[in-house]
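Below: the structure, in C-alpha cells.
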Amino acid sequence: MKQALILFSFCFVHFHPLLAARISGTVTDNKGTLLPYASVFVKGTSRGTTSNNSGRYFIDLPAGKYTIVCQYVGYGRQEKTINLGTEPLTLDFKLSLQQTSMKEIIVKSGAEDPAYEIIRHAIKKRKSYENPLDSFTCEAYIKTLLKTRTLPTRIMGKSMKEEDRKALGVDSVGKGIIYLSESVTKISYKKPDKIKLEVISGRESGTNGFGFNFPTFINFYNNNVNVFITQLSPRGYVSPIADGALNYYHYKYLGSFTEDGKEINKIQVIPKRRFEPLFTGTINITDGDWRIHSLDLTLTKDYGLEIVDTFNIRQIQAPITRDVWRTQNQIVNINFKKFGIDADGSILNVYGKYDLGPRFRKKYFNNVVIKYDTGVNKKTIAYWDSLRPVPLEPEELEDYRIKDSIFRSNHDSASSKRVIDSLRKKQGGITITNILFNGIKRSDYNPVHPLSFTTQPLLLKVEYNTVEGLVLNGEAAFLKENTNTGNSTEFIPHIRYGFSNTRLNAWGTLNFNRKKGVFDLNGGSASRTSLSFSGGKRVSQFNPENPIGPFINEIYTLMFRKNYMKIYENNFGSVQYKTRFDNGFRITGSLLYEDRIPLTNTTDFSFFGNKNIPFSPNYPFEKLNAPFKQHQALIAGVDLQFKPGQRYIEFPDNKLAIGSKYPTLAFSYRKGIPDIFGSDVDYDKWQFSFWDYLNLKLRGVFKYRFSIGGFLNTRKLFIQDYQHFNGNQTFYATPYLNSFQLAPYYANSTTAAFYAVGHIEQHFNGMITNKIPLLRNLQWNLVAGSNAFYVNRNNNYVEVFGGLENILKIFRVDVVASYLNGKTGQVGVRLGMDGLFGGFFSAALSNPGGRPPAPPRQ
C-alpha cells in the first residue's frame, strides 16, 4: 500500500502539469456567420489547429497561462489570454473584417501604384525565404474531402445504377461524400534537396486504404509554383513574387493593417494576360522584412488550369522562431463541373511539431522518398480522436460510421458462401451482346485464391487484310491469384481464322508471376519476376515492333487499296524470364524458335480505289524480289534496363518507382543460333538506347530518345532479322518518339555494322501560342521536333515537324518535311492523339477491347 501511495504521489507531482485540458469553441464573423478553416494557435509556439467547415475548433493543452490567437484571411486577428486548469474551456472568437488603412501617399498623374515597390522588396527577399532552414522535421495532418452535388445517369457511356450510387455513398440525385480520408505524415528536410515523408497513419472512409497522405506543399517563394499534381498544369504557375513576376502581373495596393505591432500590406494580384499560368487574388506582405504573411489566391481555366474548374489556396504563415516563418495551415478548395458531374473538394493541411535541430540516422535519406509505416491503416478510432486537430463535421462522422460499418460487414462475410453466391449471381448470364460487344468477365470470388476468366469482344477483334481476307480473332485469359502473396498464374489462349485463305492459327501463353519483398528500418528491397512459356501457330509482321496496326491497315486496304501491313505465318515456341529489382534494374532473357512460312495475297477486294491497280505483294518488296523461302530460326535474347537514381514510394509490402532526374538506359543483344532444331540463322545484333523527358516548366516539356546499334556478325539472316526503322505511310501518326512519320516501312531496313537513331520533341505547352489570340482562346499548343536515322551516306533519313496539340484536348496535327539521303523528300500532314486526354484514346485505338500480352518476338 505504501509503495502504491508513493508511486501515485510521484506520478501526480511529475505528470499533473502535463494533463491536458481541451479548449474548444466556434469562430464566426461579427454577424454570426461561421468562418471555416480559421487558424487557431498558441502565441509564441508552433502549436495550433484549424476550425472545421462549421467554424468549430478544439485544441488540447496542459494547464497553464496562454495567449490564444485566431486568424482568418481577410479578417482582423484576435488574441485572448486565458488561465487553463484541468477542466474543459469554451473559447469563442468573433472576427471583424480586416480594417485596412491607406498610407498617406502623394499621387501624381501616371504615378506607380505603391504595391509595386512592396512587391519589388518581396522579390529581393524571396531567395532568402525560399529554404531558410538547414534541416527540420514537422508533422502534417491532412484531411481530404470530395463531395458531389449531382451525378449524371451515365458516366463514360456506362449507366449509373442505384446500387452504384449506394456504393459511392450518394443519394438519388448524386449528392453526398464520395471520398474522405485523414492522415498524419512526418516531413523531414535537409539542405540542399533531401526530403523524406513518413506516413505514420492513414484512414480512408469505407476501405482499409491508406488515404491521401502527401502534404500539398505549395511554396510561393519558389519562382515556379507546383500545385498538387503536375497534370493540373505541367508548366507550373508563376509566383506573384517570382523574379520575373512584374512581367506577368498587375498589382494594386489595398491598404495595410497591424498585427503584433507589425504592419502588413494587402496587395491585390491581377494577371496581365489570360491563359498564362497565373494566380489571381490577394497576398499580404509584412512591412520591413517583406515576407508572406498570408494569401488567398485562385487558379481558373482562364489561367492554365486543366481538369478542374477552380483551385483556391488559402495560407497563413506564422513564426516558428524569431527569424523563421513557415506555413501554419493551408486549405485548398477544388471545384469540378464536367460531363454532368458537379463536385467540389478540399484538402486541409495543418503543420506542427517543428524540430529545427533534428539528428538523422545514417542513410536516413535514401532513394525512398515516401515511406509508409507497417501499421499505417491499423489505427483505432480512439487514436484518431486523440490527435485530430480539426473536429469532424457531422456528415463526415456519419460517412465514417456508415461506410466503415459496411466495409467491416463485407470484409467479415467476404468468405461466406452466401456472399460469394450473391456476387456470382450478380455477374449475370452470358449473352450475345457480351460476346460480341462487351466481352465476358467472370470470377469465382474465392477470397484467397480467386480465379477469373475474361474474353475480349469479338466484333472489336474483326480485321481485314489481303492475305487472310476477313479475320476473326478470339482472345481470352484465365487468371489465378494469391491475395496473400501477390503471386499469380495466367493462361492466355488465342485463336485466329482467315476466311479467305481458310487458315486457322492458335497459340497460347502461360505466365507465372511472383513478387518478393524484404523490409527493415532503413528500407527494403522488392522484386518482381515472371516466367512465360508460349507456343502454337500465329501470324506476325516482318517488323516485330508492328509499325502499322490492323485497324489503320484495314482502312487503307478497303478505302485506298494500300495494303501496307506485311505478314508471315510461323509455328513457334518461346520462353521468357523477367526480373525487376527495386533499384530500377530490369533483366529479360528469352529464347524463341520460329518455323517461318511465307504467305501470299488471297483476295483482291476493296470498297474503293482503282481495281486495275493490283495490291502490292505480301512481303517487303523494297528489299526482296520474291517471297522468302520457308526456314527456321532459333534466337536468344538479353535485355537490360536501368534508370539511375530511381526514387520510390515504399508501402508496407511493396515499392513503387516514381522516376529520377536521370534518363533510362537500355541494352539489348540478339544471337541467331545455327544448326539447333534445324535453325538456319547465324547473326549477332546489339543496341544501346537512352530516353527521358525534361519538364522545363514555363518553357514546356522536352522529350528525347536516342539509339545506336549494329550487327557484329551477319553470316546468315533473313528479312525478319534485319534492323527495321518504324516508318509510316498513313495519315494517322504513329508513336512520336519511336517512329518516322513519312518514312517507308522497309525500304531502309539494314544489316549494317552500325546505325544511329534519334528522336527529339519539344512541347511548348502554351509558351508561344499564348501570344496568338485565336490559339490562346482555343488553348491549342505548339509542338515541334525531329526524327532521324543514319546508316551510311546512301541510307539516311531526317524529318522535321511542327504542329498543334491539345485540339479538343485529344488531337494533334503535324506538318512534316522529310529528307532522304540528303535530298528533299516529301511534305505531309499527320493526325494523331496527344494533349490532355489524347494518350488515353490513342492507347484505346491501338488496342481495342484490351489485348492480352503477346509472346516475345525478337
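The strands (runs of 3 or more DSSP E) located wholly in the range 309-427 that include 1 or more residues which are over 28 Å from the mean Cα position of the chain (by Cα), more than 22 Å from residue 53 (Cα to Cα) and among the acidic types (Asp, Glu) occupy 341-355.
Pick from the range 819-838 the residues that are within 25 Å of residue 774 (Cα to Cα) and small (Gly, Ala, Ser): which of them is modelled with the lowest pLDDT?
Restricting attention to the range 819-838, the residues satisfying the condition of being within 25 Å of residue 774 (Cα to Cα) are 828-838.
Subsequent filtering for residues that are small (Gly, Ala, Ser) retains 828, 832, 835, 838.
Values: 828: 96, 832: 92, 835: 69, 838: 61.
Once the filter is applied, the top-ranked residue is 838.
Determine whether the range 675-684 contains at least one residue that is surrounded by 17 or more Cβ atoms within 10 Å (Cβ to Cβ) and polar (S, T, N, Q). Within the range 675-684, one or more residues are surrounded by 17 or more Cβ atoms within 10 Å (Cβ to Cβ) and polar (S, T, N, Q). Filtered by the rule that a residue be out of contact with any helix residue (DSSP H, G or I) (no Cβ under 6 Å at 6 or more places or on another chain) and either over 24 Å from residue 735 (Cβ atoms) or touching a residue at least 60 places away in the same chain (Cβ under 8 Å) (or both), the range 769-784 gives 771, 772, 773, 774, 777, 778, 779. Within the option set 305, 278, being more than 30 Å from residue 168 (Cβ to Cβ) and either buried (at least 18 other Cβ atoms within 10 Å of the Cβ) or among the basic types (Lys, Arg) (or both) holds for one residue only, 278. Pairs linking a residue in the range 487-508 that is open to solvent by less than 30 Å² (accessible area, probe 1.4 Å) to a residue that is in a loop (DSSP other than H, G, I, E, B), with Cβ atoms under 6 Å and 6 or more positions apart or on different chains, are 492/852; 498/468; 501/468; 501/602. Scanning the range 643-663 for residues that are surrounded by 17 or more Cβ atoms within 10 Å (Cβ to Cβ) and free of Cβ contacts under 8 Å to residues at least 60 places away in the same chain yields 643, 663. Among the residues of the range 709-745, those identified as under 36 Å from the mean Cα position of the chain (by Cα) and among the hydroxyl-bearing types (Ser, Thr, Tyr) are 730, 732, 734, 736, 739, 745. Summed over the range 192-249, residues that are open to solvent by less than 40 Å² (accessible area, probe 1.4 Å), hydroxyl-bearing (Ser, Thr, Tyr) and either in a loop (DSSP other than H, G, I, E, B) or modelled with pLDDT under 90 (or both) total 5. Filter the range 472-486 down to residues that are more than 18 Å from residue 434 (Cβ to Cβ) and charged (D, E, K, R) and give me whichever is surrounded by the most Cβ atoms within 10 Å (Cβ to Cβ). So, considering only residues that are more than 18 Å from residue 434 (Cβ to Cβ) and charged (D, E, K, R), the one surrounded by the most Cβ atoms within 10 Å (Cβ to Cβ) is 481. With respect to the conditions (1) among the aromatic types (Phe, Trp, Tyr); (2) over 28 Å from residue 113 (Cβ atoms); (3) not in a strand (DSSP E or B), residue 290 lacks only one, and its number is (2).
A single member of 816, 791, 800 is under 30 Å from residue 722 (Cβ atoms), open to solvent by 60 Å² or more (accessible area, probe 1.4 Å), at pLDDT 95 or above and hydrophobic (A, V, I, L, M, F, W, C), and it is 800. Can you find even one residue in the range 95-103 that is farther than 30 Å from residue 201 by Cα, open to solvent by 30 Å² or more (accessible area, probe 1.4 Å) and in a strand (DSSP E or B)? Scanning the range 95-103 turns up at least one residue that is farther than 30 Å from residue 201 by Cα, open to solvent by 30 Å² or more (accessible area, probe 1.4 Å) and in a strand (DSSP E or B).
Give the residue, chosen from 86, 33, 28, 45, that is open to solvent by 30 Å² or more (accessible area, probe 1.4 Å), among the polar types (S, T, N, Q) and modelled with pLDDT of 90 or more. Every option except 33 fails the conditions.
Within the group 264, 283, 241, which residue is among the aliphatic types (A, V, I, L, M), closer than 14 Å to residue 98 by Cα and in contact (Cβ under 8 Å) with a residue 60 or more places away in the chain? Don't jump to the end; show me each part of the working.
Numbers: 264 fails: in contact (Cβ under 8 Å) with a residue 60 or more places away in the chain; 241 fails: closer than 14 Å to residue 98 by Cα.
Being among the aliphatic types (A, V, I, L, M), closer than 14 Å to residue 98 by Cα and in contact (Cβ under 8 Å) with a residue 60 or more places away in the chain holds for just one of 264, 283, 241, which is 283.
Within the range 140-151, the presence of at least one residue that is of a type in the set (Ser, Thr, Tyr), farther than 21 Å from residue 337 by Cα and modelled with pLDDT of 90 or more is confirmed.
So, residue 61, is that one over 43 Å from the mean Cα position of the chain (by Cα), crowded, with 16+ Cβ neighbours inside 10 Å and either on the phi < 0 side of the Ramachandran plot or charged (D, E, K, R) (or both) or not? No.
Scanning the range 564-577 for residues that are surrounded by fewer than 17 Cβ atoms within 10 Å (Cβ to Cβ), charged (D, E, K, R) and not in a loop (DSSP other than H, G, I, E, B) turns up nothing. Residues in the range 458-489 that are more than 23 Å from residue 540 (Cβ to Cβ) and of a type outside the set (Val, Ile, Thr): 459, 478, 479, 480, 481, 482, 484, 486, 487, 488. Per the conditions (1) surrounded by 13 or more Cβ atoms within 10 Å (Cβ to Cβ); (2) touching a strand residue (DSSP E or B) at 6+ places or on another chain (Cβ under 9 Å), the sole criterion not satisfied by residue 386 is (1). Among residues of the range 255-270 being of a type outside the set (A, V, I, L, M), open to solvent by less than 50 Å² (accessible area, probe 1.4 Å) and out of contact with any helix residue (DSSP H, G or I) (no Cβ under 6 Å at 6 or more places or on another chain), the one that is farthest from residue 43 (Cα to Cα) is 255. I'd like the full set of residues that are open to solvent by 10 Å² or more (accessible area, probe 1.4 Å) and among the small types (Gly, Ala, Ser), limited to the range 700-732. Matches in the range 700-732: 707 only. Taking the range 313-350 as the range and being among the hydroxyl-bearing types (Ser, Thr, Tyr) and at pLDDT 90 or above as the test, only 346 passes.
Taking the stated definitions as given, is residue 599 among the aliphatic types (A, V, I, L, M), within 21 Å of residue 724 (Cβ to Cβ), surrounded by 15 or more Cβ atoms within 10 Å (Cβ to Cβ) and in contact with a Pro (Cβ under 7 Å, 6 or more places away or on another chain)? Spell out how you get there, then give the answer.
Working: among the aliphatic types (A, V, I, L, M): yes; within 21 Å of residue 724 (Cβ to Cβ): yes; surrounded by 15 or more Cβ atoms within 10 Å (Cβ to Cβ): yes; in contact with a Pro (Cβ under 7 Å, 6 or more places away or on another chain): no.
The answer is no for residue 599.
Which of the residues spanning the range 33-49 are in contact (Cβ under 8 Å) with a residue 12 or more places away in the chain and over 37 Å from the mean Cα position of the chain (by Cα)?
Of the residues in the range 33-49, the ones in contact (Cβ under 8 Å) with a residue 12 or more places away in the chain are 34-44, 46-49.
42, 43, 44 - these are the residues of the range 33-49 that are in contact (Cβ under 8 Å) with a residue 12 or more places away in the chain and over 37 Å from the mean Cα position of the chain (by Cα).
With respect to residue 437, determine if the residue is of a type outside the set (S, T, N, Q), within 29 Å of residue 656 (Cβ to Cβ) and open to solvent by 30 Å² or more (accessible area, probe 1.4 Å). Reasoning before the result, please.
Details: of a type outside the set (S, T, N, Q): yes; within 29 Å of residue 656 (Cβ to Cβ): no; open to solvent by 30 Å² or more (accessible area, probe 1.4 Å): yes.
Criteria not met by residue 437.
Just wondering, is there one or more residues in the range 448-463 that are within 26 Å of residue 432 (Cβ to Cβ), modelled with pLDDT of 95 or more, of a type in the set (Asp, Glu) and surrounded by 15 or more Cβ atoms within 10 Å (Cβ to Cβ)? Looking for residues that are within 26 Å of residue 432 (Cβ to Cβ), modelled with pLDDT of 95 or more, of a type in the set (Asp, Glu) and surrounded by 15 or more Cβ atoms within 10 Å (Cβ to Cβ), one finds at least one in the range 448-463, hence yes.
The values are calculated or read from the model by the stated rules, or taken from the named source; none is laboratory data. All of these numbers come straight from a predicted model, not from anything done at the bench. For neighbour counting, all protein chains shown are included, and Cβ atoms are generated from backbone atoms with ideal geometry for every residue, glycine included. Surface areas here come from the heavy atoms of the whole protein model, side chains and all, with no ligands, DNA or RNA. Shrake-Rupley method; radii C 1.70, N 1.55, O 1.52, S 1.80 Å.
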